[in-house]
């Protein structure tokens with residue numbers, strides 16, 4: 001698969017399990033993430049919640065674009081994402097599934113584009129389509145001098 005684009009975000013541990021996320025867009029505000037107790041203090045969303053939000057956001061934007069093109073009306077869509085956490089054979093917590101519900105107003109529901117969009121919008125959502133197919137992740141750990149201490153298999 002060819003690489004169509006690339007971006008880098010930066011995370012820096014603040015205290016405990018709180019990480020500040022700095023995005024590559026200058027106008028995008030930083031985001032504080034945290035873990036729930038007993039590790040963290042729930043001062044921000046954790047990675048599982050961000051994944052659920054990312055999938056719901058992407059699906060929402062894709063459906064809005066398909067139905068409205070460049071000028072979606074304000075407050076015409078709501079979304080809800082439910083993440084199910086399960087334990088694998090090694091008793092480690094994993095995301096077992098995501099349920100995303102999109103609620104559109106009457107005007108969008110009556111759109112002449114709705115039948116076509118119902119067949120297309122999920123395929124154009126970068127995040128949910130990628131999750132469904134599985135995303136390869138390469139991991140490395142380095143010390144501050146740049147020496148590689150670990151790479152994933």
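The values are calculated or read from the model by the stated rules, or taken from the named source; none is laboratory data. None of these values were measured; they are calculated from a predicted model. Because the Cβ atoms are built from the backbone with ideal geometry, glycine has one as well, and the counts that use them run over all protein chains shown.
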- Some residue of region 17-29 being surrounded by 14 or more Cβ atoms within 10 Å (Cβ to Cβ) and in contact (Cβ under 8 Å) with a residue 40 or more places away in the chain: no
- Message: Can you report the number of residues in region 13-23 which are under 25 Å from residue 136 (Cβ atoms) and over 16 Å from the mean Cα position of the chain (by Cα)?
- Response: 1
- Residue check: is residue 87 modelled with pLDDT under 95 and over 19 Å from the mean Cα position of the chain (by Cα)? no
